[in-house]
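Sharing a structure below in structure tokens format, with a few things to ask.
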Amino acid sequence: MKIIMLGAPGAGKGTQAKMIAEKYGVPHISTGDIFRANIKNQTELGMEAKKYMDEGKLVPDELTVKILLDRVAKEDCANGYVLDGFPRTIPQAEVLTEALEKLNDAVDYAIDVDVPDENIVKRMSGRRACVNCGATYHIVHIPPKTENICDKCGSELILRDDDKPETVLNRLKVYHDQTQPLIDYYTQKGILRTVDGTKDMKDVFEDIVKILG
Ligand code: AP5
Ligand code: MG
């Protein structure tokens, strides 16, 4: 099972991808999480990626593609994976298609979590992420049991650097310019499925499970 999550920043790709990964027993691979882990550990890759991420721009394809291909070549991906935040450009999608074709393989579904721009900025300003384990919350929709403390590991919850309203607006523009064309790309391949991401997260997940079977 190889699944791609598409959708604007804050649409709920990460939230749903984690639930899919748990239910179907496949790894959840988020290029954004990989970059953030590298920033936290102050690696060379992290320092390079941070320059782009803080402005809401995309990290260049050369860097991103290599990281993703290395990750999906790992043993735990043998039975599939959920990609969250990759591909984000047509060239990235083409690299993935070609890499899988060489293995006589292909992506099964690209799921577009559809949320209008108006809802996005509100969601992002309420998101909190755990500094340690990356679990995400929302101060209104999915609050932690204790304010600002992660339910899972007890660490502190923070607002992501790129969730400031001005950066979110830039990320939305980048999404419409560079990522939205993937909707046509996967529609043409016959594997695009759209879910209404404005519903409650449990209902969104039910809709996804109906698609995946
Ligand atoms: P990335 O980390 O992928 O960020 P993003 O795509 O902007 O998406 P988000 O993680 O912000 O949102 P999400 O859709 O996962 O939503 P979530 O589930 O958290 O990328 C960050 C940056 O890294 C990029 O800007 C870029 O610079 C770089 N990058 C990453 N991949 C790259 C690539 N392939 N190429 C180039 N650059 C790349 O939900 C959001 C909030 O809403 C949460 O608080 C959540 O609790 C809440 N929520 C979720 N679902 C619901 C619901 N149904 N109802 C109410 N609230 C909900
Ligand atoms: Mg995410």
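The values are calculated or read from the model by the stated rules, or taken from the named source; none is laboratory data. Predicted model, so just to flag it, every value in this text is computed and none were measured. Methodologically, a virtual Cβ is constructed for each residue, glycine included, from the backbone with ideal geometry; neighbour enumeration extends over all protein chains shown. Accessible surface is based on the protein model in full, side chains and every heavy atom, while ligands, DNA and RNA are left aside. Shrake-Rupley method; radii C 1.70, N 1.55, O 1.52, S 1.80 Å.
Among the numbered criteria (1) open to solvent by 20 Å² or more (accessible area, probe 1.4 Å); (2) modelled with pLDDT of 95 or more; (3) away from ligand 2 (no atom under 12 Å from the Cβ), which one does His28 miss?
Going through (1) open to solvent by 20 Å² or more (accessible area, probe 1.4 Å); (2) modelled with pLDDT of 95 or more; (3) away from ligand 2 (no atom under 12 Å from the Cβ) one by one, His28 breaks only (3).
Here is a further query. With the requirement that a residue be within 21 Å of Ala110 (Cα to Cα), assigned to a helix (DSSP H, G or I) and away from ligand 2 (no atom under 16 Å from the Cβ), what does the range 71-91 give you?
Result: Val72, Asp76, Cys77, Ile90, Pro91.
Is at least one residue of the range 69-81 within 9 Å of ligand 1 (Cβ to nearest atom) and under 11 Å from Thr31 (Cα atoms)?
The answer is no, given that none of the residues of the range 69-81 is within 9 Å of ligand 1 (Cβ to nearest atom) and under 11 Å from Thr31 (Cα atoms).
Does Thr64 satisfy the condition of being under 12 Å from the mean Cα position of the chain (by Cα), touching a residue at least 12 places away in the same chain (Cβ under 8 Å) and not in a loop (DSSP other than H, G, I, E, B)?
Considered against the rule, which asks whether it is under 12 Å from the mean Cα position of the chain (by Cα), touching a residue at least 12 places away in the same chain (Cβ under 8 Å) and not in a loop (DSSP other than H, G, I, E, B), Thr64 comes out as no.
Among the residues of the range 11-36, how many are without any contact (Cβ under 8 Å) to a residue 12 or more places away in the chain and either touching a helix residue (DSSP H, G or I) at 6+ places or on another chain (Cβ under 8 Å) or closer than 21 Å to Thr179 by Cβ (or both)?
So the count comes out to 1.
Just to be sure, is Arg88 closer than 29 Å to Asp117 by Cβ, near ligand 1 (Cβ under 9 Å from one of its atoms), touching a Leu at 6+ places or on another chain (Cβ under 7 Å) and among the charged types (D, E, K, R)? Give the steps one after another, and end with the answer.
Numbers: closer than 29 Å to Asp117 by Cβ: yes; near ligand 1 (Cβ under 9 Å from one of its atoms): yes; touching a Leu at 6+ places or on another chain (Cβ under 7 Å): yes; among the charged types (D, E, K, R): yes.
Against the criterion (closer than 29 Å to Asp117 by Cβ, near ligand 1 (Cβ under 9 Å from one of its atoms), touching a Leu at 6+ places or on another chain (Cβ under 7 Å) and among the charged types (D, E, K, R)), Arg88 qualifies.
If Asp114 satisfies every condition in (1) farther than 22 Å from Asp161 by Cα; (2) at pLDDT below 95; (3) not small (Gly, Ala, Ser) but one, which is the exception?
Condition not satisfied by Asp114: (2).
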